[in-house]
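This report concerns only the one structure given below.
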Amino acid sequence: MGNSQAINLNNITVYIEDGLDAVGKRAADVFCSALTDAPTAAYGFATGSTPVCLYQELIARYKDGSLDMGEISAFNLDEYYPITKDNDQSYDYFMSTELFNHVNVKPENRDIPSGEAPNPAAECLRYEAAIRARKDFKLQIVGIGENGHIGFNEPAATFPATTNYVELTESTITANARFFDSAADVPKHAITMGVGTIMMAEQVLLIATGSKKSQIVRDSILGDIDPQVSASALQMHRNVTVVLDTDAARDLLAQL
Ligand code: GLP
(Lines give C-alpha, C1' and ligand atoms only; values in the text may rest on other atoms or scores of the structure.)
Protein backbone atom coordinates (compact mmCIF):
# COMPACT_ATOMS: atom_id res chain seq x y z
CA MET A 1 0.00 0.00 0.00
CA GLY A 2 2.09 2.99 -1.26
CA ASN A 3 4.50 4.44 1.28
CA SER A 4 2.78 2.98 4.28
CA GLN A 5 4.57 2.99 7.64
CA ALA A 6 3.58 1.42 10.96
CA ILE A 7 4.98 2.39 14.36
CA ASN A 8 4.27 0.95 17.78
CA LEU A 9 4.21 3.38 20.69
CA ASN A 10 3.27 1.56 23.89
CA ASN A 11 -0.34 0.49 23.34
CA ILE A 12 -0.80 2.63 20.27
CA THR A 13 -0.28 1.38 16.73
CA VAL A 14 0.25 4.31 14.38
CA TYR A 15 -0.15 3.88 10.63
CA ILE A 16 1.12 6.65 8.40
CA GLU A 17 -0.30 6.62 4.90
CA ASP A 18 0.33 8.59 1.77
CA GLY A 19 -2.90 10.35 0.78
CA LEU A 20 -6.54 10.24 1.84
CA ASP A 21 -7.40 7.15 -0.21
CA ALA A 22 -4.75 5.15 1.60
CA VAL A 23 -5.92 6.54 4.98
CA GLY A 24 -9.48 5.47 4.14
CA LYS A 25 -8.36 1.99 3.10
CA ARG A 26 -6.20 1.46 6.18
CA ALA A 27 -8.95 2.70 8.52
CA ALA A 28 -11.44 0.45 6.69
CA ASP A 29 -9.10 -2.54 7.16
CA VAL A 30 -9.03 -1.85 10.92
CA PHE A 31 -12.81 -1.43 11.04
CA CYS A 32 -13.48 -4.53 8.93
CA SER A 33 -11.22 -6.75 10.96
CA ALA A 34 -13.18 -5.73 14.10
CA LEU A 35 -16.41 -6.38 12.19
CA THR A 36 -15.29 -9.84 11.12
CA ASP A 37 -14.47 -10.61 14.73
CA ALA A 38 -17.76 -9.18 16.08
CA PRO A 39 -20.43 -8.85 13.37
CA THR A 40 -23.28 -8.19 15.81
CA ALA A 41 -21.48 -5.79 18.17
CA ALA A 42 -21.92 -2.07 18.87
CA TYR A 43 -19.75 0.37 16.91
CA GLY A 44 -19.29 4.08 17.52
CA PHE A 45 -19.11 6.40 14.52
CA ALA A 46 -17.76 9.92 14.19
CA THR A 47 -18.51 12.99 12.12
CA GLY A 48 -16.30 15.74 10.73
CA SER A 49 -14.49 15.83 7.42
CA THR A 50 -11.80 13.35 8.53
CA PRO A 51 -13.77 10.06 8.59
CA VAL A 52 -15.31 10.69 5.16
CA CYS A 53 -12.45 8.82 3.45
CA LEU A 54 -13.19 5.81 5.68
CA TYR A 55 -16.92 5.98 4.97
CA GLN A 56 -16.31 6.15 1.21
CA GLU A 57 -14.20 3.02 1.44
CA LEU A 58 -16.81 1.23 3.58
CA ILE A 59 -19.49 2.13 1.01
CA ALA A 60 -17.28 0.78 -1.80
CA ARG A 61 -16.74 -2.48 0.11
CA TYR A 62 -20.47 -2.78 0.80
CA LYS A 63 -21.23 -2.27 -2.89
CA ASP A 64 -18.74 -4.91 -3.98
CA GLY A 65 -20.24 -7.35 -1.48
CA SER A 66 -17.27 -7.62 0.86
CA LEU A 67 -18.85 -5.74 3.78
CA ASP A 68 -22.00 -6.54 5.72
CA MET A 69 -23.13 -4.17 8.48
CA GLY A 70 -26.61 -5.71 8.72
CA GLU A 71 -26.30 -6.91 12.32
CA ILE A 72 -24.31 -4.15 14.00
CA SER A 73 -25.62 -1.45 16.29
CA ALA A 74 -24.37 2.03 15.47
CA PHE A 75 -23.80 4.76 18.04
CA ASN A 76 -22.37 8.19 17.38
CA LEU A 77 -19.96 10.31 19.34
CA ASP A 78 -21.87 13.53 19.54
CA GLU A 79 -24.49 15.95 18.23
CA TYR A 80 -24.96 19.69 18.30
CA TYR A 81 -27.60 21.07 20.67
CA PRO A 82 -30.09 22.32 19.84
CA ILE A 83 -30.45 21.15 16.27
CA THR A 84 -33.16 19.35 14.34
CA LYS A 85 -32.41 16.02 12.67
CA ASP A 86 -33.37 17.39 9.27
CA ASN A 87 -30.95 20.32 9.53
CA ASP A 88 -28.24 19.54 6.98
CA GLN A 89 -25.60 20.51 9.55
CA SER A 90 -26.82 18.02 12.15
CA TYR A 91 -24.57 15.04 12.76
CA ASP A 92 -27.62 12.81 12.36
CA TYR A 93 -28.07 14.15 8.82
CA PHE A 94 -24.34 13.85 8.13
CA MET A 95 -24.27 10.18 9.11
CA SER A 96 -27.25 9.42 6.87
CA THR A 97 -25.85 11.12 3.81
CA GLU A 98 -22.18 10.16 4.27
CA LEU A 99 -22.66 6.54 5.31
CA PHE A 100 -25.92 5.04 6.52
CA ASN A 101 -28.00 5.73 3.40
CA HIS A 102 -25.47 3.70 1.41
CA VAL A 103 -24.88 0.63 3.61
CA ASN A 104 -27.11 -1.87 5.38
CA VAL A 105 -27.09 -0.71 9.01
CA LYS A 106 -30.69 -1.16 10.16
CA PRO A 107 -32.35 2.20 10.98
CA GLU A 108 -33.69 0.77 14.24
CA ASN A 109 -30.13 -0.12 15.27
CA ARG A 110 -28.86 3.46 15.00
CA ASP A 111 -28.58 5.77 17.98
CA ILE A 112 -27.17 9.29 18.28
CA PRO A 113 -27.65 11.92 20.98
CA SER A 114 -30.74 13.90 20.07
CA GLY A 115 -30.35 17.59 19.38
CA GLU A 116 -34.14 17.81 19.61
CA ALA A 117 -34.55 16.36 23.12
CA PRO A 118 -36.43 18.79 25.38
CA ASN A 119 -34.04 18.21 28.27
CA PRO A 120 -30.36 17.76 27.34
CA ALA A 121 -29.39 16.44 30.79
CA ALA A 122 -32.00 13.69 30.52
CA GLU A 123 -30.85 12.91 26.99
CA CYS A 124 -27.26 12.51 28.25
CA LEU A 125 -28.47 9.98 30.82
CA ARG A 126 -30.54 8.09 28.24
CA TYR A 127 -27.67 7.90 25.79
CA GLU A 128 -25.05 6.85 28.32
CA ALA A 129 -27.38 4.12 29.63
CA ALA A 130 -27.99 2.84 26.09
CA ILE A 131 -24.25 2.44 25.50
CA ARG A 132 -23.54 0.97 28.93
CA ALA A 133 -26.29 -1.59 28.41
CA ARG A 134 -24.15 -3.03 25.62
CA LYS A 135 -21.52 -5.45 26.79
CA ASP A 136 -20.08 -5.61 23.28
CA PHE A 137 -18.92 -2.06 22.49
CA LYS A 138 -16.34 -3.21 19.99
CA LEU A 139 -14.82 -0.16 18.35
CA GLN A 140 -15.13 3.61 18.49
CA ILE A 141 -14.01 5.80 15.59
CA VAL A 142 -12.77 9.27 16.55
CA GLY A 143 -11.39 12.30 14.76
CA ILE A 144 -9.60 15.03 16.67
CA GLY A 145 -10.31 18.74 17.04
CA GLU A 146 -7.52 21.25 16.61
CA ASN A 147 -7.61 21.76 20.40
CA GLY A 148 -7.32 18.01 21.01
CA HIS A 149 -10.96 17.31 21.65
CA ILE A 150 -12.43 13.89 20.91
CA GLY A 151 -16.17 13.98 20.43
CA PHE A 152 -16.90 17.42 21.83
CA ASN A 153 -14.91 16.93 25.03
CA GLU A 154 -13.39 20.39 25.14
CA PRO A 155 -10.31 21.30 27.24
CA ALA A 156 -11.34 20.92 30.88
CA ALA A 157 -10.08 20.41 34.42
CA THR A 158 -10.97 16.71 34.38
CA PHE A 159 -11.78 14.08 31.77
CA PRO A 160 -15.60 13.82 31.50
CA ALA A 161 -16.54 10.27 32.48
CA THR A 162 -19.96 10.01 30.86
CA THR A 163 -22.10 11.49 28.10
CA ASN A 164 -22.28 15.20 28.85
CA TYR A 165 -23.81 18.47 27.74
CA VAL A 166 -21.09 20.94 26.80
CA GLU A 167 -20.66 24.54 25.87
CA LEU A 168 -18.50 24.71 22.76
CA THR A 169 -15.33 26.78 22.92
CA GLU A 170 -14.80 29.73 20.61
CA SER A 171 -12.03 27.79 18.85
CA THR A 172 -14.38 24.90 18.05
CA ILE A 173 -17.14 27.24 16.89
CA THR A 174 -14.63 29.01 14.63
CA ALA A 175 -13.24 25.69 13.31
CA ASN A 176 -16.73 24.35 12.57
CA ALA A 177 -18.11 27.60 11.14
CA ARG A 178 -16.86 26.55 7.69
CA PHE A 179 -19.82 24.19 7.42
CA PHE A 180 -22.41 26.84 8.36
CA ASP A 181 -23.42 30.12 6.71
CA SER A 182 -21.64 31.99 9.50
CA ALA A 183 -20.08 31.40 12.94
CA ALA A 184 -23.27 32.88 14.46
CA ASP A 185 -25.22 29.90 13.08
CA VAL A 186 -23.06 27.26 14.82
CA PRO A 187 -24.97 25.89 17.84
CA LYS A 188 -23.32 26.92 21.10
CA HIS A 189 -23.77 23.57 22.82
CA ALA A 190 -23.47 19.87 22.09
CA ILE A 191 -24.14 16.49 23.66
CA THR A 192 -21.10 14.24 23.54
CA MET A 193 -19.98 10.84 24.76
CA GLY A 194 -17.60 11.47 27.64
CA VAL A 195 -13.96 10.52 27.43
CA GLY A 196 -14.89 7.69 29.81
CA THR A 197 -17.64 6.55 27.44
CA ILE A 198 -15.18 6.43 24.53
CA MET A 199 -12.67 4.55 26.69
CA MET A 200 -15.24 1.77 27.26
CA ALA A 201 -14.85 0.66 23.64
CA GLU A 202 -12.66 -2.42 23.26
CA GLN A 203 -10.73 -0.62 20.50
CA VAL A 204 -10.43 3.04 19.52
CA LEU A 205 -9.61 4.06 15.95
CA LEU A 206 -8.34 7.64 15.73
CA ILE A 207 -7.99 9.19 12.28
CA ALA A 208 -6.29 12.53 11.62
CA THR A 209 -5.29 14.15 8.36
CA GLY A 210 -3.75 17.43 7.27
CA SER A 211 -1.02 19.67 8.65
CA LYS A 212 -3.45 21.53 10.96
CA LYS A 213 -3.65 18.38 13.10
CA SER A 214 0.08 17.62 13.18
CA GLN A 215 0.93 19.38 16.46
CA ILE A 216 -2.09 18.16 18.38
CA VAL A 217 -1.54 14.58 17.18
CA ARG A 218 1.99 14.71 18.59
CA ASP A 219 0.81 16.25 21.88
CA SER A 220 -1.98 13.69 22.22
CA ILE A 221 0.26 10.67 21.67
CA LEU A 222 3.57 11.80 23.18
CA GLY A 223 2.59 14.64 25.53
CA ASP A 224 1.32 14.57 29.11
CA ILE A 225 -2.00 12.91 29.82
CA ASP A 226 -3.94 16.10 30.41
CA PRO A 227 -7.69 16.86 30.24
CA GLN A 228 -6.78 20.08 28.43
CA VAL A 229 -6.14 17.67 25.50
CA SER A 230 -8.90 15.10 25.80
CA ALA A 231 -7.34 12.81 23.16
CA SER A 232 -4.34 12.30 25.48
CA ALA A 233 -6.57 9.99 27.59
CA LEU A 234 -6.18 7.45 24.80
CA GLN A 235 -2.63 6.81 26.05
CA MET A 236 -4.34 4.94 28.91
CA HIS A 237 -6.42 2.74 26.59
CA ARG A 238 -5.06 -0.70 25.86
CA ASN A 239 -6.05 -0.95 22.21
CA VAL A 240 -5.76 2.20 20.13
CA THR A 241 -5.05 2.35 16.41
CA VAL A 242 -4.14 5.70 14.88
CA VAL A 243 -4.26 6.29 11.12
CA LEU A 244 -2.57 9.46 9.88
CA ASP A 245 -1.64 10.94 6.57
CA THR A 246 1.93 12.16 6.15
CA ASP A 247 0.95 15.79 6.90
CA ALA A 248 -0.70 14.95 10.21
CA ALA A 249 2.24 12.71 11.16
CA ARG A 250 4.99 15.31 10.64
CA ASP A 251 5.42 16.63 14.22
CA LEU A 252 5.01 13.16 15.73
CA LEU A 253 7.75 11.73 13.53
CA ALA A 254 10.00 14.71 14.27
CA GLN A 255 9.86 13.93 17.99
CA LEU A 256 10.61 10.19 17.80
C1 GLP B 1 -15.96 18.27 15.44
C2 GLP B 1 -16.42 16.93 15.99
C3 GLP B 1 -15.27 16.01 16.28
C4 GLP B 1 -14.31 16.02 15.12
C5 GLP B 1 -13.75 17.40 14.93
C6 GLP B 1 -12.73 17.49 13.80
O7 GLP B 1 -15.77 19.25 16.42
N8 GLP B 1 -17.21 17.03 17.18
O9 GLP B 1 -15.78 14.71 16.53
O10 GLP B 1 -13.28 15.10 15.35
O11 GLP B 1 -14.82 18.25 14.63
O12 GLP B 1 -13.36 17.66 12.58
P13 GLP B 1 -12.66 17.49 11.19
O14 GLP B 1 -12.53 16.02 10.99
O15 GLP B 1 -13.62 18.12 10.21
O16 GLP B 1 -11.36 18.18 11.27
Within the stretch 194-240, can you find the residues that are more than 14 Å from the ligand (Cβ to nearest atom) and in a loop (DSSP other than H, G, I, E, B)? Met200, Ala201, Glu202, Gly223, Asp224, Ile225, Asp226, Pro227, Gln228, His237, Arg238, Asn239
Per the filter on the stretch 88-127, residues touching a Gly at 6+ places or on another chain (Cβ under 8 Å) and surrounded by fewer than 20 Cβ atoms within 10 Å (Cβ to Cβ) are Asn104, Lys106
Just give me the residues in the stretch 1-45 being out of contact with any Lys or Arg (no Cβ under 6 Å at 6 or more places or on another chain) and of a type in the set (Asp, Glu), in sequence order. Asp18, Asp21, Asp29, Asp37
Quick count over the stretch 128-144, residues being closer than 19 Å to Thr47 by Cα and either aromatic (Phe, Trp, Tyr) or outside any loop (DSSP other than H, G, I, E, B) (or both), is 8
Condition set out of contact with any Gly (no Cβ under 9 Å at 6 or more places or on another chain) and open to solvent by less than 50 Å² (accessible area, probe 1.4 Å), scope the stretch 69-87, selection farthest from the ligand (Cβ to nearest atom): answer is Gly70
Looking at the stretch 145-152, can you tell me whether even one residue there is surrounded by fewer than 24 Cβ atoms within 10 Å (Cβ to Cβ), more than 13 Å from the ligand (Cβ to nearest atom), in contact (Cβ under 8 Å) with a residue 40 or more places away in the chain and assigned to a loop (DSSP other than H, G, I, E, B)? no
In the stretch 161-184, what residues are open to solvent by 30 Å² or more (accessible area, probe 1.4 Å) and touching a residue at least 60 places away in the same chain (Cβ under 8 Å)? Tyr165, Phe179
Can you tell me which residue within the stretch 169-193, out of those that are of a type outside the set (D, E, K, R) and closer than 21 Å to Thr158 by Cα, is nearest to the ligand (Cβ to nearest atom)? Thr172
As an exercise: evaluate Leu206 against (1) more than 17 Å from Ala46 (Cα to Cα); (2) in contact (Cβ under 8 Å) with a residue 60 or more places away in the chain and give the number of the one condition it does not meet. (1)
Any residue that is near the ligand (Cβ under 10 Å from one of its atoms) and either within 18 Å of Ser49 (Cα to Cα) or in contact (Cβ under 8 Å) with a residue 12 or more places away in the chain (or both) - is there at least one of those in the stretch 116-135? no
If you check Ala27 against the conditions, is it surrounded by 20 or more Cβ atoms within 10 Å (Cβ to Cβ) and not aromatic (Phe, Trp, Tyr)? yes
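The values are calculated or read from the model by the stated rules, or taken from the named source; none is laboratory data. Only a predicted model underlies this, so the values are computations on that prediction, with no experimental measurement involved. Quick reminder, even Gly has a Cβ in these numbers, built from the backbone with ideal geometry, and neighbours come from all protein chains shown. Just so you know, the surface numbers come from the protein's heavy atoms only, side chains and all, with ligands and any DNA or RNA stripped out. Shrake-Rupley method; radii C 1.70, N 1.55, O 1.52, S 1.80 Å.
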